[in-house]
Amino acid sequence: MNKSLTISFTGHRPNGLPWGYDESSSKCKKFKKVLEKILEKAINLGYISFICGMALGSDTICAEVVLKLQKKYKQIKLECAIPCLNQSIKWTNEAKIKYDKILKKSNKVTFVTNENYTFDCMQKRNKYLVDNCDILIAIYSGKKGGTQSTISYANKTNKLVKIINPFEIN
């Protein structure tokens with residue numbers, strides 16, 4: 001993928017989002033529309049590669065929005081950066097089905113590590129997301145955690161960071 005035209009995503013898991021696991025809620029639908037508009041502007045500026053870390057919540061929602069936009073913008077590509085071999089092992093069957101559908105529709109699947117889950121593999125995935133993008137879009141409400149550390153690393157490496165606070169979308 002062309003590094004000079006790449007956006008990566010980071011963000012909260014469902015418990016850190018205003019709609020939780022209910023992606024059919026009006027809040028989630030509004031968020032998706034806002035994200036879609038932001039991504040369309042980026043596509044019109046030449047950004048064609050998108051990298052998603054495939055965690056539940058923000059990541060899979062962002063991946064689905066990119067896949068939706070791919071129907072209109074055939075040139076865009078989705079890369080799924082998988083942190084470990086068994087990322088979805090503890091997920092519900094419904095979440096696993098969604099995950100597998102995204103992986104099948106993506107243009108590229110990258111296993112950042114060849115190991116089973118460890119905290120370290122998530123950090124390596126987050127580093128991969130930042131190291132391989134020009135813009136990091138963060139679905140972030142200010143809570144401490146992995147998203148905050150990913151934003152901090154992006155700032156240290158002089159990447160442009162666009163923060164979308166899902167609690168501020170009306």
Among the numbered criteria (1) of a type outside the set (Ser, Thr, Tyr); (2) part of a helix (DSSP H, G or I); (3) loosely packed, with under 12 Cβ neighbours inside 10 Å, which single criterion is violated by Lys90? (2)
For the condition of a type in the set (A, V, I, L, M) and open to solvent by less than 10 Å² (accessible area, probe 1.4 Å), what is the one hit in Leu85, Leu39? Leu39
Mind listing just one residue for me: the one in the stretch 61-81 that is part of a helix (DSSP H, G or I) and charged (D, E, K, R) and, of those, farthest from the chain's Cα centre (by Cα)? Lys68
Selection from the stretch 1-14 of residues that are modelled with pLDDT under 95 and either assigned to a helix (DSSP H, G or I) or open to solvent by less than 50 Å² (accessible area, probe 1.4 Å) (or both): Lys3, Ser4, Leu5
Looking at (1) part of a loop (DSSP other than H, G, I, E, B); (2) closer than 25 Å to Lys32 by Cα, find the lone condition where Arg125 falls short. (1)
Is it true that Tyr140 is within 15 Å of the chain's Cα centre (by Cα), among the aromatic types (Phe, Trp, Tyr) and open to solvent by 40 Å² or more (accessible area, probe 1.4 Å)? no
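Let's see how each residue does on (1) in contact with a Leu (Cβ under 8 Å, 6 or more places away or on another chain); (2) at negative phi; (3) not basic (Lys, Arg):
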{"site": "Thr10", "(1), (2), (3)": "yes, yes, yes"}
{"site": "Leu17", "(1), (2), (3)": "no, yes, yes"}
{"site": "Gly20", "(1), (2), (3)": "no, no, yes"}
{"site": "Glu23", "(1), (2), (3)": "no, yes, yes"}
{"site": "Leu35", "(1), (2), (3)": "no, yes, yes"}
{"site": "Leu39", "(1), (2), (3)": "yes, yes, yes"}
{"site": "Glu94", "(1), (2), (3)": "no, yes, yes"}
{"site": "Ile97", "(1), (2), (3)": "no, yes, yes"}
Restricting the stretch 43-60 to residues that are part of a loop (DSSP other than H, G, I, E, B) and open to solvent by 10 Å² or more (accessible area, probe 1.4 Å), which is nearest to Ile137 (Cα to Cα)? Tyr47
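From the list Thr110, Thr147, which residue is open to solvent by less than 40 Å² (accessible area, probe 1.4 Å) and farther than 15 Å from Ile82 by Cβ?
Thr147
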Just the residues that are among the basic types (Lys, Arg), part of a loop (DSSP other than H, G, I, E, B) and in contact (Cβ under 8 Å) with a residue 40 or more places away in the chain, please, taken from the stretch 143-170. Lys143
Going through Val65, Val130, Val109 one at a time, which residue ends up being touching a residue at least 24 places away in the same chain (Cβ under 8 Å), closer than 20 Å to Ser49 by Cα and in contact with a Phe, Trp or Tyr (Cβ under 7 Å, 6 or more places away or on another chain)? Val130
Within the bounds of the stretch 115-124, is there any residue that is open to solvent by less than 40 Å² (accessible area, probe 1.4 Å) and hydrophobic (A, V, I, L, M, F, W, C)? yes
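The values are calculated or read from the model by the stated rules, or taken from the named source; none is laboratory data. Every value quoted in this text rests on a predicted model; they were computed, and no experiment measured them. Cβ: placed from backbone, ideal geometry, glycine included. Neighbour counts: every protein chain shown. With ligands, DNA and RNA removed, areas are computed over all heavy atoms of the protein, side chains included. Shrake-Rupley method; radii C 1.70, N 1.55, O 1.52, S 1.80 Å.
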